[in-house]
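S.K.: Would you mind keeping the following structure in view while I ask a few things?
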Amino acid sequence: DEKMTHRWQKDADGILIFTGLFSAALAALLTVSVQDLKPNPQDTTAFYLANIYQLLADPNISRASILATPVQPPVFFPPKSAVLVNSLWFLSLVISLTSALLATMLQQWAR
């Protein structure tokens, strides 16, 4: 009986080490990958600069027509592949952290 609890504790130690390293690697990848879900501020800046350039380059445009037609950047939709990949990475992070919690509970129970 003592050997079995000792073996469970050693197994839980291995699971905790693996899930800790795996979760750290996933968190690093997620911080980079989440950026694909947000609009790029440089695209918005480039859009407005292009509009300003068109307004300044055409001397025939009156101020009234400029103020009457507000121009908005296109609506951002994240790519479906980015949504799918981030969803799977978040799911694997949740599963990894749940495994670490269960391994910790197993260690506490085995003592």
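The values are calculated or read from the model by the stated rules, or taken from the named source; none is laboratory data. Computed from a predicted structure; not experimentally measured. Please note: Cβ atoms are built from the backbone with ideal geometry, for glycine as well, and neighbour counts cover all protein chains shown. We work out accessible area using only protein heavy atoms, side chains counted, and drop any ligands, DNA or RNA first. Shrake-Rupley method; radii C 1.70, N 1.55, O 1.52, S 1.80 Å.
S.K.: Can you confirm whether the stretch 86-98 contains a residue that is among the aliphatic types (A, V, I, L, M), touching a residue at least 12 places away in the same chain (Cβ under 8 Å) and surrounded by fewer than 14 Cβ atoms within 10 Å (Cβ to Cβ)?
M.R.: no
S.K.: A further question follows. Looking at (1) under 30 Å from Leu88 (Cβ atoms); (2) without any contact (Cβ under 8 Å) to a residue 12 or more places away in the chain; (3) open to solvent by 70 Å² or more (accessible area, probe 1.4 Å), which one does Pro74 not meet, given that it meets all the others?
M.R.: (2)
S.K.: Further, regarding this structure: Would the stretch 14-29 turn up any residue that is within 30 Å of Met105 (Cα to Cα), aliphatic (A, V, I, L, M) and open to solvent by 90 Å² or more (accessible area, probe 1.4 Å)?
M.R.: For the stretch 14-29, residues within 30 Å of Met105 (Cα to Cα), aliphatic (A, V, I, L, M) and open to solvent by 90 Å² or more (accessible area, probe 1.4 Å): present.
S.K.: Any residue at all in the stretch 44-65 that is over 30 Å from Ala100 (Cβ atoms), at pLDDT 90 or above, open to solvent by 60 Å² or more (accessible area, probe 1.4 Å) and not aliphatic (A, V, I, L, M)?
M.R.: yes
S.K.: Can you tell me which of (1) part of a helix (DSSP H, G or I); (2) farther than 28 Å from Lys3 by Cα; (3) open to solvent by 60 Å² or more (accessible area, probe 1.4 Å) is the one Gln108 doesn't meet?
M.R.: That leaves (2) as the condition not met.
S.K.: Hey, any hits in the stretch 32-48 for a residue that's basic (Lys, Arg) and in contact (Cβ under 8 Å) with a residue 12 or more places away in the chain?
M.R.: Residues of the stretch 32-48 basic (Lys, Arg): 38.
Adding the requirement that they be in contact (Cβ under 8 Å) with a residue 12 or more places away in the chain leaves 38.
Yes, the stretch 32-48 has at least one match.
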